[in-house]
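J.: Quick one: the structure is below, questions incoming.
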């Protein structure tokens, strides 16, 4: 026989109403009580009747999380933190991957809405609002972008660009190359623009190219790396940086003895490669949790003023940058 809400309440030693509030994230329930009810519900494998709940409340207790690329190591920990934070307020999460496609992104959003999600956390592929009319009545929080009409959670990309460039110029590097990520998103554009401006004010920008967020580098990028005209490189993210280290190694160029590298995102890749990669830490886990909390508030109070939150970033220094004497 299926476990009921009454069973959960009895095992947790609370009323049915308290158990319901704890699992839905609504009402004035203490954190300790909420955690206890959630733990008991997990132990008893309680599965709420979403159809009945939707008919009664107009909500399913589920949200969608739309990400552009789950193969990017920046995202798994972000997903885990969002799922845990959602569980603590009684929400389930559908995690989806648009595979970098605006068309797929649009289909996914429409599908999630057909399944009755109460809201969405959306990390768009580009700055283009591909789903605005679809999401007109659905509470939505946007990650990493600042799209008109949406609550948003971003990082300070200008600060990150300055930190990355200054890490190299303050280490004495005067001939610097930049490999930016795709320029379809404002986060990438702002990051690369600040890097370029900072490098040009303190050193020589020898070249500036773009590449997908991937370890596979385009021929034009490989050509620039192998020219041997720079002593340092700023990479748009850790994947690009690892790809650059691989190509430099093939050419017999040593990091950091011959070329220093600094990157962005501070993913687990940074500790795996040799030498360990200096990278700008973008707090994706905290950003994801804040987006979830912001969405939960938006679901409860749809008429609240729009909210915007920006996180600071910081350099995590490792062994990929050489100080020139």
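Values in this text are rule-based calculations from the coordinates and carry no lab data. Just so it is clear, the model here is predicted, and its values are computed rather than measured. Neighbour counts are summed over all protein chains in view; Cβ atoms, including those assigned to glycine, are modelled from backbone coordinates with ideal geometry.
J.: Considering each of 271, 286 in turn, give the residue that is in a helix (DSSP H, G or I), surrounded by fewer than 20 Cβ atoms within 10 Å (Cβ to Cβ) and in contact with a strand residue (DSSP E or B) (Cβ under 8 Å, 6 or more places away or on another chain).
T.: Just one listed residue meets the conditions, 286.
J.: Out of 247, 257, which single residue is assigned to a loop (DSSP other than H, G, I, E, B) and more than 25 Å from the chain's Cα centre (by Cα)? Don't jump to the end; show me each part of the working.
T.: Working: 247 fails: assigned to a loop (DSSP other than H, G, I, E, B).
None of the other options fit; the residue is 257.
J.: Also, quick follow-up: Looking for something touching a helix residue (DSSP H, G or I) at 6+ places or on another chain (Cβ under 6 Å), in contact (Cβ under 8 Å) with a residue 40 or more places away in the chain, crowded, with 20+ Cβ neighbours inside 10 Å and under 25 Å from residue 74 (Cα atoms) - is there at least one such residue anywhere in the range 122-134?
T.: Yes: one or more hits.
J.: Shifting gears a bit: For a quick check of your reading of the model, give me the residue pairs whose first member lies in the range 191-220 and is in contact (Cβ under 8 Å) with a residue 60 or more places away in the chain, whose second is part of a strand (DSSP E or B) and crowded, with 17+ Cβ neighbours inside 10 Å, with beta-carbon atoms closer than 8 Å and at least 6 apart or on different chains.
T.: Sorted first by the residue in the range 191-220, then by its partner, the pairs are 191/180; 191/264.
J.: If you scan the range 298-325, which residues turn out to be part of a helix (DSSP H, G or I) and either touching a helix residue (DSSP H, G or I) at 6+ places or on another chain (Cβ under 6 Å) or exposed (fewer than 15 other Cβ atoms within 10 Å of the Cβ) (or both)?
T.: Answer for the range 298-325, where residues must be part of a helix (DSSP H, G or I) and either touching a helix residue (DSSP H, G or I) at 6+ places or on another chain (Cβ under 6 Å) or exposed (fewer than 15 other Cβ atoms within 10 Å of the Cβ) (or both): just 300.
J.: With the condition kept exactly as written, say whether any residue in the range 104-121 is within 15 Å of the chain's Cα centre (by Cα) and either outside any helix (DSSP H, G or I) or closer than 30 Å to residue 298 by Cα (or both).
T.: yes
J.: (1) surrounded by fewer than 19 Cβ atoms within 10 Å (Cβ to Cβ); (2) part of a helix (DSSP H, G or I): which one isn't true of residue 239, the others all being true?
T.: (1)
J.: Sticking with this structure for a sec: Whether any residue in the range 151-160 is crowded, with 20+ Cβ neighbours inside 10 Å, in contact (Cβ under 8 Å) with a residue 60 or more places away in the chain, in a loop (DSSP other than H, G, I, E, B) and touching a helix residue (DSSP H, G or I) at 6+ places or on another chain (Cβ under 9 Å) is what I want to check.
T.: Within the range 151-160, not a single residue is crowded, with 20+ Cβ neighbours inside 10 Å, in contact (Cβ under 8 Å) with a residue 60 or more places away in the chain, in a loop (DSSP other than H, G, I, E, B) and touching a helix residue (DSSP H, G or I) at 6+ places or on another chain (Cβ under 9 Å).
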